[in-house]
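Just so it is clear, none of the values below were taken in a lab; they were calculated from the coordinates. Bear in mind the structure is a predicted one, so any value in this text is a computation, not a measurement. Note that each Cβ is placed from the backbone with ideal geometry, even for glycine, and that neighbours are counted across all protein chains shown.
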Amino acid sequence: MTKSLKNLSRSSHDNFFERVYEVVRLVPEGRVTTYGAIASFTGSPQASRMVGWAMHASHLYPGHIPAHRVVNRKGILTGKHHFRHPELMQELLESEGVLVENDRVVEFNKLFWDPYKELV
DNA sequence: AATGTGACATACC
DNA sequence: TGGTATGCCACAT
């Protein structure tokens, strides 16, 4: 993908992105959440693509954003190719105790961290 | 200024 | 069951 994203580094005013990052940062180790859940929770239920976009740009933002804990609604590691190397996402997850099999989080239903349920 | 393109999700053929 | 269309929003062209 050809997007340099360099301009994002100046966007300290990006509410949407920041709210996304805020939620992602709250995901505990050993748990995972989804693009859709974050989109809903941040007020734009249909902006899940933007959450993916935010993850892609997350390395340009201050602080640590555990982008590897965000998967799609089936628990598939759709974003793995955007890490430094394709297996890093899985490695990070497994280092937290999240097992991954065929690019899918094992027991995704149990490990799913729903902001609505957890952040009341 | 307008159009295309996504680490997605849903609704509807 | 499976492809297509669309919403969302930022960025590239």
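Annotated for chain A: lysine pairs at least 8 residues apart or interchain, Cα distance under 24 Å, count 5. Annotation: peptides A:104-111, A:46-53, A:28-35, ranked by per-residue average of other Cβ atoms within 10 Å with the highest first, follow the order A:28-35, A:46-53, A:104-111. Secondary-structure-derived ellipticity at 222 nm for chain A, considering helices only, amounts to -9500 deg cm²/dmol, per-run term -39500 (n - 2.57) for DSSP H runs with n ≥ 4. Taking amide hydrogens as placed 1.01 Å from N in the peptide plane, the amide H of A:THR78 sits under 5 Å from those of A:ASN72, each at least 5 positions away in sequence or on another chain. The local environment of A:VAL71, defined by Cβ-Cβ distances under 10 Å, has a net charge of +4 under the rule Lys, Arg +1 and Asp, Glu -1. For the pair A:ARG84 and A:GLN46, label points projected 7 Å from Cα toward Cβ lie 3.9 nm apart. Convex hull of alpha carbon positions in segment A:31-120: directionally averaged projected area 5.9 nm².
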